[in-house]
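Visitor: Let me begin by handing over the structure; questions about it come next.
The values are calculated or read from the model by the stated rules, or taken from the named source; none is laboratory data. The structure displayed is predicted, hence computed values, not measured ones. So basically every Cβ, Gly included, is an ideal-geometry build from the backbone, and we count neighbours across all protein chains shown.
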Amino acid sequence: MHTEFVVVEGDFANAGKASSDIKKTLKQLNIDNGKIKKIVVAVYEAEVNAIAHAYGGNIYVDLDSEKISVVIKDKGPGIPDIDLAMQKGYSTASPKVREMGFGAGMGLPNIKNNVDFLDIKTQVGVGTEITMVVNF
């Protein structure tokens with residue numbers, strides 16, 4: 001199964017739409033609840049990052065009997081220092097984003113802690129591509 005979602009820059013009202021839809025699908029397929037929670041947390045964090053830090057993007061989901069693979073491609077500023085961005089609490093979120101309750105600097109660490117595979121490709125001034133996999 002292949003599904004695609006569009007992420008719109010600054011659209012916090014719809015933050016979590018993709019992760020919620022993915023959760024519904026996985027529940028219908030009777031996937032283990034622990035695995036569902038892991039992928040939903042990871043996708044939500046990546047989705048919010050694309051909304052808060054980038055100029056939108058796309059989420060591509062591929063699901064088979066053994067795993068779920070999710071790729072988030074954003075059009076944005078890129079990540080100048082991935083090692084720094086992976087540190088808990090580090091954030092480049094604007095004051096406006098922080099006022100809405102986002103931007104605590106836990107996005108990338110939460111993604112890493114909830115997936116079996118994580119790959120981040122980024123280019124400053126171009127964007128970021130995050131690939132994550134959770135095995136069933």
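Visitor: Which of the residues spanning segment 25-50 are closer than 16 Å to Phe136 by Cα and out of contact with any helix residue (DSSP H, G or I) (no Cβ under 6 Å at 6 or more places or on another chain)?
Guide: Thr25, Lys27, Gln28, Leu29, Asn30, Ile31, Asp32, Asn33, Gly34, Lys35, Lys37, Ile39
Visitor: Here is a check on your reading of the model: is Ile51 crowded, with 17+ Cβ neighbours inside 10 Å and modelled with pLDDT of 95 or more?
Guide: In short, no.
Visitor: Hey, another quick one. Among the candidates Asn58, Asn30, single out the residue that is surrounded by fewer than 21 Cβ atoms within 10 Å (Cβ to Cβ), in a loop (DSSP other than H, G, I, E, B) and either of a type in the set (A, V, I, L, M) or at pLDDT 95 or above (or both).
Guide: Step by step, each of Asn58, Asn30 is checked, and only Asn30 is surrounded by fewer than 21 Cβ atoms within 10 Å (Cβ to Cβ), in a loop (DSSP other than H, G, I, E, B) and either of a type in the set (A, V, I, L, M) or at pLDDT 95 or above (or both).
Visitor: Among the candidates Leu108, Leu84, which residue alone is crowded, with 17+ Cβ neighbours inside 10 Å and either within 21 Å of Gly16 (Cβ to Cβ) or at pLDDT 80 or above (or both)?
Guide: Leu108
Visitor: When you look at Asp64, is it under 30 Å from Met1 (Cβ atoms), surrounded by 13 or more Cβ atoms within 10 Å (Cβ to Cβ) and among the charged types (D, E, K, R), yes or no?
Guide: Taking the combined requirement at face value, the residue does not satisfy it.
Visitor: Same structure again: Can you tell me which condition Thr25 does not meet? The list is (1) surrounded by fewer than 18 Cβ atoms within 10 Å (Cβ to Cβ); (2) of a type in the set (Val, Ile, Thr); (3) touching a residue at least 40 places away in the same chain (Cβ under 8 Å), and all the others hold.
Guide: Thr25 satisfies all of (1) surrounded by fewer than 18 Cβ atoms within 10 Å (Cβ to Cβ); (2) of a type in the set (Val, Ile, Thr); (3) touching a residue at least 40 places away in the same chain (Cβ under 8 Å) except (3).
Visitor: Could you list all residues from segment 68-90 that are under 15 Å from the mean Cα position of the chain (by Cα) and of a type in the set (Ser, Thr, Tyr)?
Guide: Scanning segment 68-90 gives a single hit, Ser69.
Visitor: All but one of (1) in a loop (DSSP other than H, G, I, E, B); (2) crowded, with 16+ Cβ neighbours inside 10 Å; (3) without any contact (Cβ under 8 Å) to a residue 40 or more places away in the chain hold for Ile79; state the number of the condition that does not hold.
Guide: (3)
Visitor: If Gly10 meets every condition in (1) touching a strand residue (DSSP E or B) at 6+ places or on another chain (Cβ under 6 Å); (2) more than 18 Å from Thr131 (Cβ to Cβ); (3) of a type in the set (Gly, Ala, Ser) apart from one, which number is that one?
Guide: (1)
Visitor: Among Ser19, Ser65, which is among the polar types (S, T, N, Q), under 16 Å from Val134 (Cβ atoms) and within 12 Å of the chain's Cα centre (by Cα)?
Guide: Ser19
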